[in-house]
1. Using only alpha carbon positions, build the gyration tensor of segment 96-178, then give the equivalent ellipsoid semi-axes as the square roots of 5 times its eigenvalues, largest first, whole angstrom.
2. Over all alpha-carbon pairs of segment 1-68, lay out the pair-distance distribution in 5 Å bins, whole %, shortest bin first.
3. How would CYS144, CYS104 line up by accessible area, probe 1.4 Å, largest first?
4. Under the classification rounded if a/c is under 1.5, otherwise prolate if a/b is larger than b/c and oblate if not, where does segment 132-178 fall, given a ≥ b ≥ c as square roots of the Cα gyration tensor eigenvalues?
5. Kindly sort ILE47, ILE175, ILE33 by accessible area of their heavy atoms, largest first, with the probe set to 1.4 Å.
6. How would you rank 38-46, 159-167, highest first, on the average number of other Cβ atoms within 10 Å across their residues?
7. Quick one: 3J(HN,Hα) in Hz for segment 27-35, Karplus 6.51/-1.76/1.60 with θ = phi - 60°, rounded, Gly and Pro as x.
8. Write down the accessible area per residue of segment 98-154 in Å², having rolled a 1.4 Å probe over the full set of protein chains.
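The values are calculated or read from the model by the stated rules, or taken from the named source; none is laboratory data. The structure displayed is predicted, hence computed values, not measured ones. Cβ sites come from the backbone with ideal geometry, for glycine too, and all protein chains shown count toward neighbours. For the accessible areas, the whole protein counts, side chains as well, though only heavy atoms, and no ligand, DNA or RNA atoms are used. Shrake-Rupley method; radii C 1.70, N 1.55, O 1.52, S 1.80 Å.
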Amino acid sequence: GYTWKDSMIVSILIFFMMFFVGSGIGLAIGTIIKLFSNEGNAEFLEILGDNFAFLGYWIFAFIYLHLVKSDKPILRAFGREPRGNTVKMALWGLLIGLCLNALCIGIAVFHGDIQLSFTAFPVLKLLLVFLSVFAQSGGEELLCRGVLYQRLRKAYRNPWVAILVNPLVFVLVHILIP
């Protein structure tokens, strides 16, 4: 049943607590990555460090989800008897997300917003960039859809509460911290 811990304000406060603690953990991760920069790779490691800093969200969210028994819809999905979401569906989502990111890059190149030029094809750097973008976008999704949306959806009978509040918080975070 519904308790005071399920209220919208408590859910949003938990989201922001996870956001700020995760950001602190991520700042440490990003700083460690940037320590390895030199003249030849400073710009690359700056971008990599900024994106991998979002691993802090992942780390803190999973710690939180393991400690708080009522907030485990994502973890249950990867258990022995998943209902609805499964590893297969997560992999499909990952593939679709990668394709959409590739499409966005293609549109940005076509539009002239970014320019791509290659003198070599550094496979390791490309893999690290894809992993860092996954850490960044996946971390945001984990907090917004995996925690905030799930809490709001569970707490309110009307799904529109979660459908409307979740993106408003997402936009607020991106306005406050671009």
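1. Numbers: eigenvalues 225, 42, 26 Å².
Working from the Cα gyration tensor, I get semi-axes of 34, 14, 11 Å.
2. Reading the bins upward from 0: 4, 17, 19, 17, 13, 10, 8, 5, 4, 2, 1, 0.
3. Ranked from most to least accessible, the order is CYS104, CYS144.
4. Here segment 132-178 falls in the oblate category.
5. Result of the area sort, largest leading: ILE175, ILE47, ILE33.
6. Ranking the peptides 38-46, 159-167 by packing returns 159-167, 38-46.
7. My calculation for segment 27-35 gives 4, 5, 4, x, 5, 4, 4, 5, 5 Hz in order.
8. 69 Å²
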